[in-house]
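> Before anything else, here's the structure in question.
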Amino acid sequence: MKRRLFCGSILALLLVCLLPLWAAADTGPKPSITVTPEGVGEDACYLTLLSQTETTGPWSKQESFAASKDSYGDPEADEAIWTAFNNYEDADGFYFLGCYGEVTGGQMFCWSYYPPDTFKVLAYFPDSGTFAVGPVTDREEFSARYTVSPSETGETLLIEKARNQEAENKSFVGRLVLTLALELAVAVVFAFRAKPQIITIVCMNLITQVGLNQAITHFFPVVSSRWYWPGLLVLEVLIFLVEGAVYAKLLPRWKKDPAAVCHPWGYALAANVASFGVGLILARLIPGMF
């Protein structure tokens, strides 16, 4: 019975991780490009990243605004802005893939889901109908941050790397707190409520979350978007196996009812799947943090 539960848990985790809705089990960091404009004034301004390839993840070149809406389902997409970006002809043949954001007043633009590996920053000023484009840039960091500013002529953008360690630390703490809250909530459902059980779960999550973030940000700081998810899948399966093995060894020791059936492997699977789903949702709602 235990062996079948163990094998079934691994199979279920693999199937979930291979769904088209790619996301991290555990709310771990994901590749992202964040761009903050400087010196653009108070005029309306929109930014996008032009891609060297016609597709990256769910984003791809579309022939019409309607097709773009069907593909991305962005309720805030503006047809006039989308059309202006889509009609822009880049000198190097880079593509507009449909992801853009308003940065009027210095707001940041974050592409946090399958960002292009090689790109150009393109700014559009609808009041004047003009564009400014940056140079060809390769994403050289896992979570890349840049600032852009208009050149003297206003036709091109100057791009510089930017790093905000404080923001990165806050993001990590936020992901860690959320993961702990989710996994402890699932623990209550599985009747793991004894103090030693809670301490074990908290300690394991501290270890695995720190390890996951360190592995992602240091062991492969430059990861092509198409290879990030398979690599993350391997890490997540390893985390599931480690957590499941530790929980199976320790959690049953402290159950209040000796006759009660304990499902540590089932808990490890359910907790990771819960973090998986929430991480996917929040990656869209809070770009740059998840």
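Quick grid of which residues meet (1) free of Cβ contacts under 8 Å to residues at least 60 places away in the same chain; (2) in a helix (DSSP H, G or I):
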site	(1), (2)
PHE240	no, yes
GLU243	yes, yes
VAL246	yes, yes
ARG253	yes, yes
PRO258	yes, no
TRP265	no, yes
ASN272	no, yes
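> What are the pairs, 6+ residues apart or on separate chains, where a residue within region 182-211 that is over 26 Å from LEU232 (Cα atoms) has its Cβ under 6 Å from a residue that is surrounded by fewer than 19 Cβ atoms within 10 Å (Cβ to Cβ)?
Close Cβ pairs (under 6 Å, with a partner that is surrounded by fewer than 19 Cβ atoms within 10 Å (Cβ to Cβ)) amount to ALA194/TRP254; PRO196/TRP254; GLN197/TRP254.
> Looking at the structure I just gave you, is ASN213 under 29 Å from ARG145 (Cα atoms), crowded, with 17+ Cβ neighbours inside 10 Å, modelled with pLDDT of 85 or more and of a type in the set (S, T, N, Q)?
No; evaluated as a whole, the condition is false for this residue.
> Please work out if SER151 is within 30 Å of VAL202 (Cα to Cα), of a type in the set (Gly, Ala, Ser) and outside the structural domain of ILE239 (by TED's automatic domain parsing).
In short, no.
> Of everything in region 77-131, what is on the phi > 0 side of the Ramachandran plot, modelled with pLDDT of 90 or more and touching a strand residue (DSSP E or B) at 6+ places or on another chain (Cβ under 8 Å)? Give them in sequence order.
GLY98
> Let me ask something else about it. Taking the options THR130, THR137, THR179, THR147, name whichever one is of a type in the set (Ser, Thr, Tyr) and surrounded by fewer than 16 Cβ atoms within 10 Å (Cβ to Cβ).
THR130
> Any idea which of (1) modelled with pLDDT of 90 or more; (2) under 14 Å from TYR46 (Cα atoms) is the one THR137 doesn't satisfy?
It fails just one condition, (2).
> When you scan region 59-71, how many residues do you find that are touching a helix residue (DSSP H, G or I) at 6+ places or on another chain (Cβ under 7 Å) and at pLDDT below 85?
Within region 59-71, residues that are touching a helix residue (DSSP H, G or I) at 6+ places or on another chain (Cβ under 7 Å) and at pLDDT below 85 number 1.
> Could you tell me how many of the residues in region 170-204 are modelled with pLDDT under 90 and polar (S, T, N, Q)?
Qualifying residue count, region 170-204: 2.
> Checking THR104 against (1) of a type in the set (Ser, Thr, Tyr); (2) part of a strand (DSSP E or B); (3) touching a residue at least 60 places away in the same chain (Cβ under 8 Å): exactly one of these is not met. Which one?
THR104 satisfies every listed condition except (2).
> Go through region 121-164 and give me each residue that's closer than 16 Å to THR104 by Cβ and part of a loop (DSSP other than H, G, I, E, B).
Scanning region 121-164 gives PRO126, ASP127, SER128, GLY129.
> Just checking, which of GLU89, GLU102 is farther than 30 Å from PRO230 by Cα and under 25 Å from the mean Cα position of the chain (by Cα)?
On inspection, the qualifying residue turns out to be GLU102.
The values are calculated or read from the model by the stated rules, or taken from the named source; none is laboratory data. From a predicted model like this one, the values you see are computed outputs, not experimental measurements. Please note: Cβ atoms are built from the backbone with ideal geometry, for glycine as well, and neighbour counts cover all protein chains shown.
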